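The values are calculated or read from the model by the stated rules, or taken from the named source; none is laboratory data. Just so you know, these numbers come straight off a predicted model, no measurement behind them. FYI the Cβ positions are ideal-geometry reconstructions off the backbone, even for glycines, and counts take in every protein chain you see. These area figures cover heavy atoms from the full protein model, side chains too; ligands, DNA and RNA do not enter into them. Shrake-Rupley method; radii C 1.70, N 1.55, O 1.52, S 1.80 Å.
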Amino acid sequence: MNLILENNSFHYELEKLCRLFYPEEPIRVLENGVQPELPDPITAYAGVQEKEGKVQLCARFRDDAEEIHAEAEYIPEQYGDKSPERQLAELLYELLVQQTGFSPRWGILTGVRPVKLLHSLIAQYGQEQAVQVFQKAYHVSEAKTKLALLTMENERQLLNREKVNGFSLYIGIPFCPSRCAYCSFVSMTVEKTMQMIPEYVQCLCREIEAAGKVARELKLSLQSVYMGGGTPTTLTAEQMDRVLGTVQASFDLTDCMEFTVEAGRPDTVTPEKMAGLRRRGVSRVSINPQTMQEKVLQAIGRRHTVRQVLEAFQMARDAEFTDINMDLIAGLPLDTPETFADTVDRVCKLAPESITVHTLALKRSSRIFQEGQQRASGAAAAQMLDYAGPKLIDGGWRPYYLYRQTRILGGLENVGFAKKGCESFYNAAIMDESQTILACGAGAGTKVCDPSGSGQLERVYNFKYPYEYISRHGEILERKEKVKQIYDQYTAQ
Ligand code: SF4
């Protein structure tokens, strides 16, 4: 697909908009009205022109031979817009809807955090008008607006618990027993990296100690811990105990409201590991079936069975975990709306405290994308979510955090549902980007938020790959010092 832009630099937003309609087409962006060397049957055009002191917006779209176009005068400052970007996107959006017959449920929104946008619109205009802007200017459907409002209400209650000097700790374990077909993370399979893990654990513990020192010096108060990955329970019980022991020794956990460990792959869960997590104060675990259909599990390369999911869940309950999350994915290969509904029903019967419903994202580096594996259509994924949402809400699980990803099927969303009082503070905080997250481990990114609440945020990244993380660990420790400098800059302002 060609996207031609004239007199504007809105390629980031407009390219994402085109991708909503053509998720698998490579998109060539041609700026300053440059005409494509290679003609493409699918071509979009978005231009801005000044005529007699007025700004004129123009969009054109051609799929095969048929071309349609629309023009409009830019209305400055409409809904707080400082540039014509949104209105131009709206013009192009309407042509894309007309030509493809597909109306994305989140309208022209392409961002990761629609709930955050709705919250800021409400702060600007009040709820009634903000809802109108959401639906009329951004073209969000009524159902998704309702979902965003409900999610925001629950999320805000959690975020009210954020302390001025509060922070959360993230610990990354980038290893997994095998690679899932939809995975795009830098996670390494155990077969290839078994020998690297002891050294990784050693470096990780050093970084956790350094993070603890920074937190003490800045007098920060730890509110939640999240150990994710990869699959943290890929570590042995001893390795896990060492990491958790280091967390306990390095931080004051008195005000820590939750301590989550992802035990995502049921084939890595053992009674010994679950008991070890409980002993070290872990309060929440995530056991992730993704699907309760054997053939779907095989198609996505999870290498575990439905029975193992049930056993892992029972092991967590036997270890007295009273806060368990289970992740599901809508749109996986070989899944249908009917089999997905069956998965939802079976997971609901287990009665975990939280259920997170993801929609498949077609990441370029995933096997599904690269091998062109068959998966559900956007419409089928939408049907799956239409079943899951009401079923969970009727069952007492309430949506409390929501995010979207690039190339997510049907432009849909991922939603965390939880029983009242079991919502994860960490998940809400990371979505809102309002709290500092000190992150340790390969691929982890620390976010330092201005404690005054100005919304300023700075990021400090670790090396992506475990081998770099190990071989250049001195630099990782130095970067922890940078966190202090950023705090100093904030307080000096
Ligand atoms: S468990 Fe998660 S991180 Fe690991 S391979 Fe599967 S999707 Fe990737």
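For the reader, a short list of remarks on this structure follows.
- Positive-pole candidate from VAL357, LEU438, PRO399, dipole of the stretch 335-493, charges at beta carbon: LEU438
- 0 to 90° range, to nearest 10: angle between helix 378-394 axis and the chain longest Cα axis: 50 degrees
- For a paramagnetic label modelled on LEU457 (point 7 Å from Cα along Cα→Cβ), amide N atoms under 15 Å away are absent within the stretch 70-99.
- Rounded accessible area per residue of the stretch 286-326, 1.4 Å, Å²: 41 Å²
- The angle between the Cα long axis of helix 142-159 and the longest principal axis of the Cα atoms of the chain comes to about 40 degrees, rounded to the nearest 10.
- Share antiparallel - DSSP beta bridges, the stretch 1-102, percent rounded to 5: 70 percent
- When only Cα pairs below 8 angstrom with a gap of at least 6 residues are kept, the chain shows a relative contact order of 14 percent.
- The apolar share of the surface of the chain, taken as the fraction of accessible area on carbon and sulfur atoms (1.4 Å probe, ligands and nucleic acids excluded), comes to 49 percent.
- Computed magnitude of the charge dipole of the stretch 1-102 (debye, nearest 20; Cβ of K, R +1, Cβ of D, E -1): 180 debye
- Modelled FRET efficiency - R0 22 Å, GLU468 with GLU191, Cβ distances, 0.05 increments: 0.65
- For the stretch 1-102, the solvent-accessible area of protein heavy atoms averages 54 Å² per residue (probe radius 1.4 Å; ligands and nucleic acids excluded).
- Taking each residue as 0.36 nm, the span from GLU50 to SER9 lengthens on full extension beyond its C-alpha to C-alpha distance by 13.2 nm.
- Overall form of the stretch 30-126 per C-alpha gyration tensor (a/c, 1.5; a/b vs b/c): oblate
- Summed over all non-identical Cα pairs, the Kirkwood treatment of the chain gives a radius of 24.1 Å.
- Where labels lie 7 Å past Cα in the beta-carbon direction, separation of GLN485 and ASN160 in nm: 4.0 nm
- Against the chain, whose longest principal axis comes from its Cα atoms, helix 197-217 is set at around 80 degrees.
- Charge dipole magnitude, Cβ of K and R +1, D and E -1 - the chain, Cα centre, debye nearest 20: 1380 debye
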